[in-house]
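Every number in this text was worked out from the coordinates using simple rules, so none of it is lab data. Keep in mind that what you see is a predicted model, and the values were worked out from it rather than measured. When we count neighbours, we look across all protein chains shown, and the Cβ atoms used for this are built from the backbone with ideal geometry, even at glycine.
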Amino acid sequence: MLEEFDMTEIRCTENQVLRALEADITTLHVDAIVNAANRSLLGGGGVDGAIHRAAGPELLAECRTLHGCKTGEAKLTRGYNLPAAYVIHTVGPRYYSDEPDKPGLLASCYRNSLRLAQEHGLHTVAFPSISTGAYGYPLDEAAHIAVRTVMASLASCPDVHEVMFVCFGASALRTYESVLKEFDKKSI
Ligand code: AR6
């Protein structure tokens, strides 16, 4: 059992752990789940659609008050009917677009989401693999950016104790597990 745990988690500091797991993010009892939204923040397909369906219409009503979100930025709402207390909505870059510095924009999604979590005193945050569905980012590249950015951001987010990388499917989980292991070795 312990061995299984060792494969999927990295302890960054005494109080901060990163973990990869396979799950539907809408089922998680965490302080905040992150939504891979679009700039309108008015819903869509993929994880965005699943989150809005599970949260109910009040989520869309609150999102309407936010007037959208720029790529790389993040905004917070309540979670309504979700088991998660809050939703942090962020907008990833489209891989096949002419937006400059897509890796930088993807990193900003993780950094700004964690900054919001810290500002609101949230301890547990679950991320989907932002931009790797409809927005076309290759999973392995995106996973490296995700893990590297979260590890670097946690130093300025001392109240965030657990970050989960929520993988949709076994193959995504294998990718995140191998990236976590890679970074774990680097940090030794
Ligand atoms: N739980 C966890 N991960 C999920 C779930 C789920 N329930 N559903 C999908 N994923 P995507 P993007 C994974 O397309 O690429 C929307 O229409 C999925 O396998 O949801 O950032 C928005 O409104 C993939 O790895 O987000 C935007 O228009 C990852 O979540 C656009 O899609 C992200 O896939 C955003 O595209």
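Worth pointing out:
- Restricting the stretch 25-59 to residues that are acidic (D, E) and without any contact (Cβ under 8 Å) to a residue 24 or more places away in the chain, the residue that is nearest to H89 (Cα to Cα): D48
- Being under 17 Å from L116 (Cα atoms) and small (G, A, S) is a property that A50 lacks.
- Here the stretch 35-64 is the region considered, the condition is being among the charged types (D, E, K, R) and crowded, with 16+ Cβ neighbours inside 10 Å, and the residue that is farthest from the ligand (Cβ to nearest atom) is E62.
- The set of residues in the stretch 86-134 being under 17 Å from A23 (Cβ atoms) and of a type outside the set (V, I, T) consists of A126, F127, P128, S129, G133.
- Any pair with Cβ under 7 angstrom, 6 or more apart, that starts in the stretch 72-93 at a residue that is more than 17 Å from G44 (Cα to Cα) and ends at one that is assigned to a loop (DSSP other than H, G, I, E, B) and within 13 Å of the ligand (Cβ to nearest atom): P83/L28; A84/L28; A84/V30
- Just so you know, in the stretch 5-34 the residues that are closer than 19 Å to R78 by Cα and more than 8 Å from the ligand (Cβ to nearest atom) include one that is surrounded by the fewest Cβ atoms within 10 Å (Cβ to Cβ), and it is H29.
- Considering Y135, Y110, Y176, the condition of being hydroxyl-bearing (S, T, Y) and either away from the ligand (no atom under 14 Å from the Cβ) or surrounded by fewer than 24 Cβ atoms within 10 Å (Cβ to Cβ) (or both) is satisfied by Y135 alone.
- Contacts under 6 angstrom Cβ, first residue in the stretch 123-142 being under 20 Å from T26 (Cβ atoms), partner more than 6 Å from the ligand (Cβ to nearest atom) and of a type in the set (K, R), 6 or more apart: Y135/R94
- Just one residue in the set G92, G104 is more than 12 Å from the ligand (Cβ to nearest atom) and not aromatic (F, W, Y); that residue is G104.
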